[in-house]
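A quick write-up on the structure given underneath.
The values are calculated or read from the model by the stated rules, or taken from the named source; none is laboratory data. The structure presented is a predicted model; accordingly, all values stated were derived computationally and were not measured. With ideal geometry, Cβ positions are generated from the backbone for all residues, glycine too; neighbour counts draw on all protein chains shown.
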Amino acid sequence: MRYFALLLLPALLLAQTQSPLTEYQGRSIARTMHWEGASWLIRHKRDQEEATLLMREQLKIKPGMTVCDMGSGNGYHTLPMAEAVGKEGKVYAVEVQPEMIEMLRQRAEGKGLTNIVSILGEMDDPKLPLASCDMILLVDVYHEFSHPESMLAGMKKALKPEGVIVMVEFRAEDDTVPIKPEHKMTKAQINKEYLSNGFELVREFDGLPWQHMMFFGAKKSGA
């Protein structure tokens, strides 16, 4: 395709190796949002409700970076990230639903963006190239992972030495956030899961109206 690359791996390699979990480290795992609800992702009020422009400013994306939008959906964050990294940069857009990938492809073509590589991942494997990413962004998606340990391991391998995973999740500590409980996480829970899987917290931003924003890097050897 002219504007949109799609990275697919042989079907034999796509087989899941573990049974999906329904809970992990004391929390219930939410069901994955179905592609038929994709219009909610690009609703007009989203920036007003979530301060998405402010969130992306905190990513501090620079031209030439290689970044990933994990669980990219129909591209609400993918497209502006692609614009931010510029023609010399690259955005990997990982999705497990082909329908979402097609929606993203159409939106990317409409903007003439040529630097997005869409990856049809698996529930237990993001299928990202090794040591490829300066940053992996997860916006309201990690809590849906049915194979969190496998996904964290795959993302860790995909990070460059100084790369970070950015977790954005609705705050479970705040009952006023109008999201179902299974789609929220506390800071304590996020830290517990990431630290136990070989990551360390390197930065936080607490200025979003509804969500936590936490930056994790791979824990250094001997740290």
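Whether a residue is of a type in the set (A, V, I, L, M, F, W, C) and surrounded by 20 or more Cβ atoms within 10 Å (Cβ to Cβ) was assessed, and LEU137 passes this test. When the residues of region 98-120 are filtered to those that are surrounded by 19 or more Cβ atoms within 10 Å (Cβ to Cβ) and among the polar types (S, T, N, Q), the one that is nearest to TYR142 (Cα to Cα) is SER118. Can you confirm whether LEU152 is under 23 Å from ALA84 (Cα atoms), of a type in the set (A, V, I, L, M) and either over 14 Å from the mean Cα position of the chain (by Cα) or at pLDDT 95 or above (or both)? Here the answer is no, as LEU152 does not meet what is asked.
Quick one: would you say GLY198 is of a type outside the set (Val, Ile, Thr) and at positive phi? Taking the combined requirement at face value, the residue satisfies it.
Residues that are over 17 Å from the mean Cα position of the chain (by Cα), modelled with pLDDT of 95 or more and surrounded by 20 or more Cβ atoms within 10 Å (Cβ to Cβ) do not occur anywhere in region 189-209.
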